[in-house]
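The values are calculated or read from the model by the stated rules, or taken from the named source; none is laboratory data. None of these values were measured; they are calculated from a predicted model. FYI the Cβ positions are ideal-geometry reconstructions off the backbone, even for glycines, and counts take in every protein chain you see. Note: areas computed on protein heavy atoms with side chains; ligands, DNA, RNA excluded. Shrake-Rupley method; radii C 1.70, N 1.55, O 1.52, S 1.80 Å.
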Amino acid sequence: MEKIILDCDPGHDDAIAILLAAGNPNIELLGITTVAGNQTLPKVTRNALAICAAAGIEVPVAAGASVPLVTPQVVAEDIHGDTGLDGPVLPEPTFELDPRHAVDFIIETVMSHEPKTVHLVPVGPLTNIALAMRKEPAIIDRVKSVILMGGSYTRGNSTVCAEFNIYVDPEAAEAVFRGAWDVTMVGLDLTHQALATAELQDRVRAIGGDLAQFVLDIWGFVGSAYKKVYEFDYPPVHDAVCVAALADPQLLTCAKAFVTVELHGQWTKGMTVANFADVPGMHHGSSEGLPMGAATTDVAMKLDWDRFADLVVDSISALAASKGQ
Ligand code: BDR
Ligand code: CA
């Protein structure tokens, strides 16, 4: 059983990450923390509570940072809509927010568990995680791992080079990659393999009931947005991959790289720069005057889609069954 804190900005694919975390028997969801990203903090926090209500989930939900560390705020309204979770009917929350700031929730939860037992799973901008590691540096040694959705080694989606979660708060991301903890980067190169295909949608439809419909409405809205903005046939379920990878250690094939974040480039700000240790053609050595660090980040390269689809379907079925659907 892997214990996790899911730090998110729901968000359509964040919603599936929450369902997977709550519905998979190998994951213990200690809490959900929210951060401004896909939409403003009040909107994404409200969405987190609505997702919990829709799925019958009861775990602490704590709201965190409302703006990035340094860079002015941007949101992803073109993909996630005005609410941040346009498409499904959003039920009223069934419980109150945890009174703590997300940063304090993260610190207190990590420090009150045995060392190396809690994973941080950030699937939004990394503002809360960077603030937590600055407020209580002891968490860096204590967490079991950080498995984040963000970045890429080939392309961007906010700009040519930069992926949204990193682009929104590059300074926070740079600190997280630089931290001396085990980091896995699940970037766009990987999550574009994790599509909500017609087959996956049919399998969810076959579950039946309100929760399955909630998921189909999520994919309906974000699918249209991805078609319009990126000309994708099906929407990626980016954030759910991080949770799925902890539920099933066989899910991802990774390669070690030194990863850092470009903070200054006029065209490249927010780009993750990855120097692979052993991938042919992707190890460039150290340029003079630009020493690169050790290849300590696990970069996700290949997804086992069949296993991923099973995990998504099984978690939705389990939650639907516990709601009596
Ligand atoms: C990431 O950006 C957000 O829009 C998604 O929720 C995901 O975390 C993909 O670039
Ligand atoms: Ca997200």
Query raised in the report: Does segment 110-117 contain at least one residue that is part of a helix (DSSP H, G or I), open to solvent by less than 20 Å² (accessible area, probe 1.4 Å) and touching a strand residue (DSSP E or B) at 6+ places or on another chain (Cβ under 9 Å)?
Result: yes
Requested in this report: Just give me the residues in segment 1-51 being within 16 Å of ligand 2 (Cβ to nearest atom), part of a helix (DSSP H, G or I) and not aliphatic (A, V, I, L, M), in sequence order.
Outcome: HIS12, ASP13, ASP14, LYS43, THR45, ARG46, ASN47
**Report entry** Single residue of segment 142-171 satisfying the filter (farther than 27 Å from PRO115 by Cβ and among the hydrophobic types (A, V, I, L, M, F, W, C)) that is nearest to ligand 2 (Cβ to nearest atom)
**Finding:** PHE164
Query raised in the report: Looking at segment 78-92, is at least one residue over 16 Å from the mean Cα position of the chain (by Cα) and within 12 Å of ligand 1 (Cβ to nearest atom)?
Result: yes
Report task. Kindly establish whether ALA21 is of a type in the set (A, V, I, L, M, F, W, C), out of contact with any strand residue (DSSP E or B) (no Cβ under 7 Å at 6 or more places or on another chain), closer than 23 Å to ASP86 by Cβ and within 16 Å of ligand 1 (Cβ to nearest atom). Result -> no
Requested in this report: Filter segment 25-50 down to residues that are small (Gly, Ala, Ser) and either surrounded by fewer than 22 Cβ atoms within 10 Å (Cβ to Cβ) or farther than 20 Å from LYS3 by Cα (or both) and give me whichever is farthest from the chain's Cα centre (by Cα).
Outcome: ALA50
Query raised in the report: Among the residues of segment 307-325 satisfying the criterion of being more than 20 Å from the chain's Cα centre (by Cα) and open to solvent by 50 Å² or more (accessible area, probe 1.4 Å), which is modelled with the highest pLDDT?
Result: ALA321
